[in-house]
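Data block below; observations after.
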Amino acid sequence: MQRYLSTVAVVDLQSQDSCLTRIIRDIMMRKVLKVEGMTCQHCVETVSEAVTKMAGIQRVDVSLEEKEVIVDFDESQTKMEDISAQIVEAGFEIVMN
Ligand SMILES: [Cu+2]
């Protein structure tokens, strides 16, 4: 029983450790989203503003020509799906991420 408990403790420590490592490594993520539906500078601003106001966003770069939204963000604060959802909510379509 004691042996079992100590094994659990070790596993627990390891998972905490890797979780911490992950947070440090992923503190700033850069993702490139392919976005369809942006036709002018106004669309660029709409997408940019919608994403910028989210938590953990460090930088948003929108390219109308490339149909790309490049986002630097803190993955411990914001998930990629949330950013995609935010862009969709602003009226655009995520082609690929
Ligand atoms: Cu537009």
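Only the coordinates and a few stated rules stand behind these numbers; no lab work does. All values reported here derive from a predicted model rather than from experimental measurement. Don't worry about glycine lacking a Cβ; one is built from the backbone with ideal geometry, like all the others, and counts go over all protein chains shown.
Observations on the model:
- Ser48 vs. criteria out of contact with any helix residue (DSSP H, G or I) (no Cβ under 7 Å at 6 or more places or on another chain) and among the hydroxyl-bearing types (Ser, Thr, Tyr): yes
- Within the stretch 37-90, the set of residues being assigned to a helix (DSSP H, G or I), within 16 Å of the ligand (Cβ to nearest atom) and surrounded by 15 or more Cβ atoms within 10 Å (Cβ to Cβ) comprises Cys43, Val44, Thr46, Val47, Ser48, Ala50, Val51, Ile87.
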